[in-house]
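These notes concern the structure reproduced below.
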């Protein structure tokens, strides 16, 4: 390690005539250039309490312009007056990623930024500063969470804990191609955010999970790379709901000793923005600011040694929507969850009673006129996100099959991963089948709880394409994201089945040819079968309480 640190030079700290924070603020803010091992430097805001001394440091590394966080230190902006950024018990360092905003000149043309090296070098500099007590924790959502994993795998001295939010350990094939279909809206939004103009072309050129993907996996962050306690924060309507749960489980199973023993998970009723009260068209007042509350307790415990009880929290704290309360569990799904099956009937009913005779429901799917996305797990701020009413845009269409239960006689508590077992056929060699689970209110609203898709050529494996024989019935499963939702007494459960959900998922042209090409495609006549021999059904993970 001494040799690795030998390159660190004295910081070039630019102290403006006046701090970029107002005189009334509890902090002083200075602009710094933090030297990296290759002689380049990263632009940083250094924010230190005015009362002086040595402090634990919270490090934020962002690709979205570090100056956007300055308002947080005065209690303004989305973080609000009660965030960690208003606590004068800490110092803060906020850097622009190499190649972004103030650190644009640090990127060498043709080379990608090494986030692990830059995170290591930044912390190595922080622990040497006179205002630092040598203890550092990282914080941030989404891409700001990704860089935390990279920094942690570099194992810098001084890194004590981390708070990665709404971010999986890695962006895998399954994230880009859920059910074998490209997550079109996600990829195009990433491109607009500046994460590679060629991303769409690169992904659509590799739609099968082949050896190229296996090669990429060799560079993934592993559970054993994480050695510090992490507070993972996710959302039931986040784009990475399952990815965050998987990251937590991976670190708890394979991380270093402290990471295994002390990492925790918080999941709220949030989209790709935590701590908000309003997700989609629903409000959850009990969730406002909850993630930040836990973050402050986490930082106080690990950086300041305060015994505040968070170390005794159960492994998982989650928000049960519908009854709108926070619950805890040591495992996910919680103990006592059992699968309850609701069968699809030809009369559009959803019932625990299985149909006796064979029944067939058929619809025409025209790829030139796909079912529009109405909420759900989407990224773009311009899209409707989270729980949205499906009636107008989705359920009103002739190419959507809606199966609805009777009003519930008592509350139904779901906690886990719903799945839909379908028996389907088509007159085309390839098509998609989509599913949406919704909570139907007594006033008629049909609020999305989760969605999924399966591209039929990948029904058996994402590693090989197998086309359909027209008219043959296939048994397939569509997985929905994990969720914790209670369907209250008097509400109904609804399952929507179709063959598109655009732009959430790329549209299948139904012709069995190369995917993601231009063209109107072919109309498919798709069918859902039910009955004793073809028991199409929705399986819900139902909790005892």
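Add -39500 (n - 2.57) for each DSSP H run of 4 or more in the chain, then divide by its residues: what number comes out at 222 nm, to the nearest 500 deg cm²/dmol? Please report the intermediate quantities before stating the final value.
Values: 10 runs with 88 residues, N = 545.
Per the formula, -4500 deg cm²/dmol.
Assuming 0.36 nm per residue, please report the length gained on full extension of the stretch residue 338 to residue 410 beyond their Cα-Cα distance.
24.2 nm
What length, rounded to one decimal in nm, is gained on full extension from residue 130 through to residue 112, with 0.36 nm per residue of separation minus their alpha-carbon distance? Mind dumping the intermediate values first?
Details: separation 18, 0.36 × 18 = 6.48 nm, distance 3.20 nm.
The span from residue 130 to residue 112 would gain 3.3 nm if fully extended.
Using per-residue counts of other Cβ atoms within 10 Å, averaged over each peptide, order 201-210, 480-489 from highest down. Let's see the in-between values first.
Values: 201-210: 15.6, 480-489: 21.8.
Top of the packing list down: 480-489, 201-210.
Counting other beta carbons within 10 Å of each residue's own, what order do 458, 232 fall into, fewest first? Present the calculation step by step, with values, prior to reporting the outcome.
Values: 458 22, 232 26.
Going from sparsest to densest Cβ surroundings: 458, 232.
How would you rank 323, 394, going from fewest to most other Cβ atoms within 10 Å of each one's own Cβ?
Going from sparsest to densest Cβ surroundings: 323, 394.
Grab the beta carbon distance between residue 475 and residue 155, set R0 = 41 Å, and tell me the FRET efficiency rounded to 0.05. Walk me through the numbers before you get to the answer.
Numbers: r = 47 Å, r/R0 = 1.14.
For residue 475 and residue 155, the calculated efficiency is 0.30.
Tell me, what is the percent relative contact order of the chain, built from C-alpha pairs under 8 Å that lie six or more residues apart?
Numbers: 1325 pairs, mean separation 70.0, N = 545.
Result for the chain is 13 percent.
Listed highest first by mean packing, meaning other Cβ atoms within 10 Å per residue, what order do 234-242, 142-150 come in? Don't skip to the answer; put the middle values down first.
Details: 234-242: 26.0, 142-150: 23.4.
Ranked from most to least packed, the peptides come out as 234-242, 142-150.
Please state the relative contact order of the stretch 222-331 as a whole percent: Cα pairs under 8 Å, 6+ residues apart?
Details: 192 pairs, mean separation 25.3, N = 110.
Here the relative contact order equals 23 percent.
Can you work out the PRE-style zone for residue 523? Point 7 Å along Cα to Cβ, and I want the residues of the stretch 407-436 with backbone N under 14 Å.
427-428
So if each residue of separation counts as 0.36 nm, and I subtract the Cα-Cα distance between residue 325 and residue 51, what length gain in nm does that give? Write out the running numbers ahead of the final one.
On the way: separation 274, 0.36 × 274 = 98.64 nm, distance 3.97 nm.
Gain on stretching residue 325 to residue 51: 94.7 nm.
With contacts defined as alpha carbon pairs under 8 Å and 6 or more residues apart, what's the relative contact order of the stretch 415-529 in percent? Numbers along the way, then the final one.
Details: 238 pairs, mean separation 46.1, N = 115.
Contact order relative to length: 40 percent.
What FRET efficiency would be calculated for the residue pair residue 205, residue 359, taking the C-beta separation as r and a Förster radius of 56 Å, to the nearest 0.05? Don't jump to the answer; show the numbers that get you there.
Working: r = 42 Å, r/R0 = 0.74.
Efficiency for this residue pair is about 0.85.
If you count, for each residue, the other Cβ atoms within 10 Å and average over each peptide, how do 119-132, 84-97, 465-478 line up from highest to lowest? Walk me through the numbers before you get to the answer.
Working: 119-132: 20.5, 84-97: 22.1, 465-478: 14.4.
Ranked from most to least packed, the peptides come out as 84-97, 119-132, 465-478.
For Cα extents along the principal axes in Å, several values are listed as (1) 80, 60, 42; (2) 73, 59, 45; (3) 78, 51, 40; flag the one computed from this structure.
Here the calculated entry is (3).
Which whole-angstrom value gives the distance between the alpha carbon centres of the stretch 37-105 and the stretch 353-371?
53
How many nm separate the modelled label positions at residue 466 and residue 68, each set 7 Å beyond the Cα in the direction of the Cβ?
4.5
Using a 7 Å offset from the Cα along the Cα-to-Cβ direction at both residue 281 and residue 347, what is the distance between the two label points in nm, to one decimal?
Going by the 7 Å Cα→Cβ label model, 2.8 nm.
Each value in this text was obtained by applying a stated rule to the coordinates, not by laboratory testing. As the structure is a prediction and not an experimental result, all values here were calculated from the model. So basically every Cβ, Gly included, is an ideal-geometry build from the backbone, and we count neighbours across all protein chains shown.
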